[in-house]
Structures are given as C-alpha cells and as structure tokens.
Amino acid sequence: MAVAPDTAADLVYQIFDLQRAVRCIATASVRGQDTGVALQGVLRFVGEGESRATRLAERLGVSAPVLSRHIADLEEHGLVIRRQDPDDGRAQLVALTPLGAEKLRSIEEQRAAALQDYLRDWSEDDAGATAKILHKLTDSLKQSARAKAAGTITSHTS
C-alpha cells in the first residue's frame, strides 16, 4: 500500500519540524560545554564502535575534511584516538578513548533526562509507541536509501 502524496508531504513537514525542535533542545543543552552539537554527533557515531574515518563521514553526511576537523577537536579533548587501519595503510580507524566513552555516557544521560522533563505530560505508552514508530520510519528510510544507492529501486512512471 503506497503512501498518498498529501500524507507524504505532511510527514516530510512533521519530520523537519521535529528536527528543528530537537536541534533547539540540543543547542540549549550544550551551552557552556566543551563539545558542541556537531562534535557530540560525531562522538555518538564513533561510540558505536571503531570505524574508518571515511565510513563515519558517509554516515554523518559530511565531507572528509569536515570530519577530520571534528575528529581533531575530539582528539584534542582526549575523547577519541586515531590509528592506522591494519587492512589499509592509507585509511584511519577512529575509536573512543575511556574518557570519550564516559563523556558520551554523560551526554546521553543528560539528553535522556532533558527529554523526560520535556515529555513529563506524556504516558509511558505514548513514548514507547512513538519510539517504535520512529524506529520503523528510520529503518524504512535507511533501507530505501541503501536500495536506491545500490540501484535496486526502480521508478514507477506511467
């Protein structure tokens, strides 16, 4: 069953509105901290496991030079380390340091507490159902993007 054009347009609007709201909350939560929203985003992706810098740039949707500057900033704060990829001497692997893992845990705890506060009038059921739907949406978008990049999605034109 296909999504109607008006429904898709409304969903796009709601997603962008949600992004703006989350960005405002995230920006307010990092005031006075040594890492801004962008660096915290990089830290989160690095926290998912050691990865090639080029792979991180792709996942974050940024250029290699932009990611390199972010990694350098995080390295300067002692939050990440870079090492040569043993499988490809031209590539670098990026991982969290113990301090970086602790910083990431602290950031995630602060964000969860802030969200709890913002959603204090929500029920646990509403929050759980929303998380489930957002997870489904994210998975669908990722799968579609991967399929499109691989050339497996065809256009349905009449």
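The values are calculated or read from the model by the stated rules, or taken from the named source; none is laboratory data. What you are looking at is a predicted structure, and each value in this text was computed from that prediction instead of being measured. FYI the Cβ positions are ideal-geometry reconstructions off the backbone, even for glycines, and counts take in every protein chain you see. The accessibility values were calculated without ligands, DNA or RNA, using every heavy atom of the protein model including side chains. Shrake-Rupley method; radii C 1.70, N 1.55, O 1.52, S 1.80 Å.
Structure above, values below:
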item	result
Three-way shape call for the range 51-127 based on the alpha-carbon gyration tensor, with the a/c threshold at 1.5	prolate
Sequence-distant residues sharing a close amide H with Asp85 (under 5 Å, placed H)	Ala91, Gln92, Leu93
Which label in [x] -0.40, -0.48, -0.71, -1.06; [y] -0.33, -0.41, -0.71, -1.20; [z] -0.26, -0.33, -0.57, -1.04 gives the computed log10 I(q)/I(0) by the Debye sum over Cα atoms at q = 0.08, 0.09, 0.12, 0.17 Å⁻¹	[y]
Charge-dipole axis of the chain as Lys and Arg at +1 and Asp and Glu at -1 on Cβ define it, positive-most pick from Phe16, Leu119, Leu134	Phe16
Mean Kyte hydropathy of -1.0 or more with a Cα span along the axis of at least 24 Å, helices from DSSP in the chain	5-29, 98-118, 124-150
Leu79 long-range amide H proximity, modeled H, under 5 Å	none
Simple Cβ-charge dipole of the range 20-158, Lys/Arg +1 and Asp/Glu -1, about Cα centre, in debye nearest 20	520
Highest to lowest packing among 98-104, 60-66, scored as the average C-beta count within 10 Å	98-104, 60-66
Reachable aspartates and glutamates, given that their alpha-carbon falls under 18 Å from the alpha-carbon of Lys136 and they are not under 8 places away in the same chain	Asp10, Asp125, Asp126
Mean accessible surface per residue for the chain, computed with a 1.4 Å probe while every protein chain stays in place, in Å²	73
Cα shape, the range 94-149, gyration tensor, a/c 1.5 rule	oblate
Carbon plus sulfur fraction of accessible area for the range 62-115, probe 1.4 Å, in percent	55
